[in-house]
């Protein structure tokens, strides 16, 4: 069993965040313009059955069959129990600087990485009841759950579906203009955003593109990033549409360059909540184009799930699918999750996943996985 949740430096940071939380919670009158919140996920799991039928090998997947729970952070389960793949803790602070101006920052510590990650840090200026401008570092809004995908209590799975969620770059430095209105019972929000993002020593690149004997670390850059998203909600129904374009490039530590392509993504989510019964669905279509005209086939990724709530219990079944025509493989990921809400701030979840495909799950072999987790907000 592996359990290496926090390094000493990260533990110090978490204790500091906790002390700040208590101080602010107990001194609301002294610090009325500062709000602090946080979240925690403690998740463990292992592969309980599978076959090593890979056609491709790399240095991040040497002990398979495996299950890739998080592509971005290279969180991988094998036959050994592990609590250091998806466990994480984060803290967020919002400072109201003036009547219409605020600053939001967020820090995350992941067990798989241990070094603190500065996830958010942006100013928000509210022009009026409908328009706002945001400048700084934000999460790239690729998906429905992008803004809160690390807050496990916000969704039924133990973590968001890895066939859909998972990119080499997840944050951008730049700006966004947001608009919100309410028309005839419809809540409508939209934004236009742009900037650039980069990740040093990319764990995604290590997982996807590096092979035995190639020990080079890489920086992944997304330049000239721009996009638009639209979300509409009325009663039980929520729909979200998104389009994004960027120029991606991999730069190795020796100065050489790797994959370089123009990336275009379109996405749609349709969710329905009838009270006890609910449906979650999301689809993405991605193009990675370079100078080779044969590199035009798109990557399709999606997730469809249905759940039922009985008092504090939720049973949720989901099917995730990824078809990469450009790389000629398919991944299938059905899962079953049982959630029990301890209170409105915390929950315990268990989840079974099957991970397979054609040719047999490409990087990992096929695997059946069991995970259990405790998640809370504070």
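Quick note: the coordinates plus some simple rules give every number you see, no bench work behind them. Everything numeric in this text was worked out from a predicted model, so none of it was measured. Positions of Cβ are generated from backbone atoms using ideal geometry, with glycine treated the same way; all protein chains shown enter the neighbour counts.
Starting from the exponent 0.38 and prefactor 2.2 Å, build the expected Rg for the stretch 8-377 from its residue count and divide its actual Cα Rg by it. Mind dumping the intermediate values first?
Values: Rg = 20.7 Å, N = 370, 2.2 N^0.38 = 20.8 Å.
Compactness ratio reported: 0.99.
Percent of alpha carbon pairs in the stretch 251-348 separated by more than 21 Å?
54 percent
Take the alpha-carbon centre of the stretch 252-321, take the same for the stretch 77-94, and report the distance between them in whole Å.
21 Å
May I ask for the Kirkwood hydrodynamic radius of the stretch 179-286, worked out over all distinct Cα pairs and given in angstroms to one decimal?
Working: mean 1/r = 0.0603 Å⁻¹.
This gives a value of 16.6 Å.
With all distinct Cα pairs included, what does the Kirkwood hydrodynamic radius of the stretch 131-193 come out to in Å, to one decimal, could you say?
Computed over the stretch 131-193, the radius equals 13.6 Å.
Using packing as a proxy for protection, rank 283-289, 89-95, 155-161 so that the peptide with the highest average count of other Cβ atoms within 10 Å comes first. If you can, show how the numbers build up before the last one.
On the way: 283-289: 17.6, 89-95: 19.7, 155-161: 23.4.
Descending packing order for the listed peptides: 155-161, 89-95, 283-289.
Mean 1/r over all different Cα pairs, inverted: what Kirkwood radius does the stretch 69-135 give, in Å? If you can, show how the numbers build up before the last one.
Working: mean 1/r = 0.0699 Å⁻¹.
The Cα-based Kirkwood calculation yields 14.3 Å.
Please work out how much length the chain gains when fully extended from residue 283 to residue 236, using 0.36 nm per residue of separation minus the C-alpha to C-alpha distance, in nm with one decimal.
Details: separation 47, 0.36 × 47 = 16.92 nm, distance 1.94 nm.
Taking residue 283 through residue 236 to full extension adds about 15.0 nm, to one decimal.
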